[in-house]
Each structure stands twice: as structure tokens, then as C-alpha cells.
Amino acid sequence: MNGVLVVNKSAGYTSRDVINILNKLFHTKKIGHTGTLDPIASGVLVVCIGKYTKLVEKITNHEKEYIATIELGIKTDTLDCTGTILEKEEPMPLNEEDIRKTLNSFLGKTMQEVPKFSAIKIKGKKLYEYARENIYVELPKREIEIKKIKLLEYKENHITFSCVVSKGTYIRSLIRDICIKLNVLGTMSNLIRIRQGNFTLEEGYTLQEIQNGNFKILQLEDIFTYPRYSLKEKEYLKVKNGNTLELLETSKEILLEYENKIVALYEKKDAIYKPVFVL
């Protein structure tokens, strides 16, 4: 089996759990996901199967859209409600306009400190392993971009907002920074990934649906909306061998078809089209 499957992950499963289930169901170990979702989180988990695992990195780079909820009045070590409570207070009422201004202040590019309970490796060891052993490690920072952010609701000591973010953004860390700026205690109580690139929650399948055979495996033409170029026979032979092409095309990325079938994805670099993925 080769293609891409959009999973609607339920809370309670790790991303690895989902892959393990699909490994057994599809009888293959060649499956990879394109962006971890914490167990507390639900929503879009894009999975590449077979030959399409070569597209994992490309799809991982796509922007992601979330709906997140902050529970005010508590601070935890994991930055979400599954962790150990470090501090607790009775939340004071907030002004909605102040919340909006604070959220908007995070728009654009910034350096974000990753959570100590994360799988980022330092000297070959994952951060959460250091955290569980109470070993201090300076947490790395990396550049992220908040492209959109919007307050959806402020009610009963909970703030719910939507955001569109770049690859590598930790929503738990974003919530930590929002709470620091609002001068309140808060932690993530819910997270839903509603979109990754062009993949939406509406087209995702639950594990139960997949196990019941109710799902669709996506192919190149379903995944990308890039312009298409019809290959001549000599060009097709080059593509089959993974060679570059010189084409009078302007698009940075292009889908190549031969005999009305999409056979490859190429990307333009220095005026030459180079293979990204070839079936």
C-alpha cells in the first residue's frame, strides 16, 4: 500500500500508538507521521505509507492550525493538565480586549523555548528523560512563526483561541508565554489540530473507521494542487531514473504526468527541475 492517510486522532493515543496500530492493520512497518500530537491532543495526524514515506519531511513543513484551550489558575510541569500541579491560585477576571491584545502580540516570528517534557534530544537524550530524572538541562529555543491567532471564547476561567503556526511550534509553550504576558497561571487543557497544510479535520478518519475499512488512501494528485506537465516518452524515461529535467515552466513545484497518470513531483532549483518524489 502506498499513499497518504489523514487520521482523526482521538485524545488518549500517542502518535506512536496510531502508527503501531496501522503497522499491524496494513501489514507494513513503512509508515511515518508528519507531526507529533501529544496524547492530550486530538485531530489531524497525516500518515505516509510505503513509498510515500519519502514525503514525510515535505508534509511536516506545512503550516498547522489548532484550536486550544487554556485553563486558568494552575501551572503544571508538563504545561498541560496531565502534569503535576506546581502552583495554584484563584483566577482573577480578565478583560477580553486585554486577552486579544496579548494574543495578537505573538503574531510573527519569534524564538520559542521548547517544553522540558518533549522529545527534543540534547546530547542523544530526550528532554523528557532528563525531566523525569530531575536533571537540569538548558532548554533550547528555536524560531517559530505565529501566522494567525484569534480569541474564540473566554468563559468560566477558560480561554479558547485558534492559531495558524509554522512547523515546530509547541502550543503548550505558546500558552505558557501567553499566561506569563497576562500575568496569570494557566495550562493547556485541550488541543485540536484542525488542519495541516491542505489536510483538514473533515477529511480525517478515526481509528475505528480505518479498522472497519472506511477510509481513502490519497495519491499525489489528491495531495498537491501544483500545475501539471505532460511528459514526452524520453522525458518520462529520465524521470523513471530520477534524473533532472530542463522545462520551460515557471512554477517552483510541478506534478509530472505520463499517459494521464501522475508519476512524480519535481521542484525547480537553479532553473533545473529536480525530483522530490517519483512513483
(request) Which order do the peptides 83-96, 204-217, 157-170 take when ranked by the mean count of other beta-carbon atoms within 10 Å per residue, highest first? (result) 157-170, 204-217, 83-96
(request) Provide the convex hull volume over Cα atoms per residue for region 97-205, in Å³. (result) 148 Å³
(message) Could you tell me how far the Cα centroid of region 185-238 sits from the Cα centroid of region 31-62, in Å?
(response) 9 Å
(request) Starting from one equal scatterer on each C-alpha and no solvent at all, send me the Debye-based log10 I(q)/I(0) for the chain at q = 0.10, 0.14 Å⁻¹, two decimals. (result) -0.63, -1.06
(message) Show me the three semi-axes of the equivalent ellipsoid for region 101-152, from the C-alpha gyration tensor (sqrt of 5 times each eigenvalue), largest first, rounded to whole Å.
(response) 29, 11, 8
(request) Compute the Kirkwood hydrodynamic radius of region 182-279, taking the inverse of the mean of 1/r over all pairs of distinct Cα atoms, and give it in Å to one decimal. (result) 16.5 Å
(message) Given 10 °C and 1.306 mPa s, compute D for region 7-151 with the Stokes-Einstein relation, Rh being the Kirkwood radius over Cα pairs; round to the nearest whole µm²/s.
(response) 88 µm²/s
(message) What distance in nm separates the two pseudo spin-label positions at residue 198 and residue 214, each 7 Å out from Cα along the beta-carbon direction?
(response) 2.6 nm
(request) May I ask which of 148/232; 216/240; 88/123 have a Cα-Cα span longer than 31 Å here? (result) 148/232; 88/123
(message) Using only the alpha carbons of region 158-221, what is the convex hull's orientation-averaged projected area in square nanometres?
(response) 6.3 nm²
(request) Using all C-alpha to C-alpha distances in region 226-278, build P(r) with 5 Å bins and read off the rounded percent in each one. (result) 5, 23, 39, 26, 6, 1
(request) Go through 125/274; 64/268; 9/238 and tell me which ones have a Cα-Cα distance over 31 Å in this structure. (result) 125/274; 9/238
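No lab work stands behind these numbers, since they all come straight from the coordinates. Note that the structure is predicted; figures quoted are calculated from it, not measured. Backbone-built Cβ (ideal geometry, glycine too); neighbour counts: all protein chains shown.
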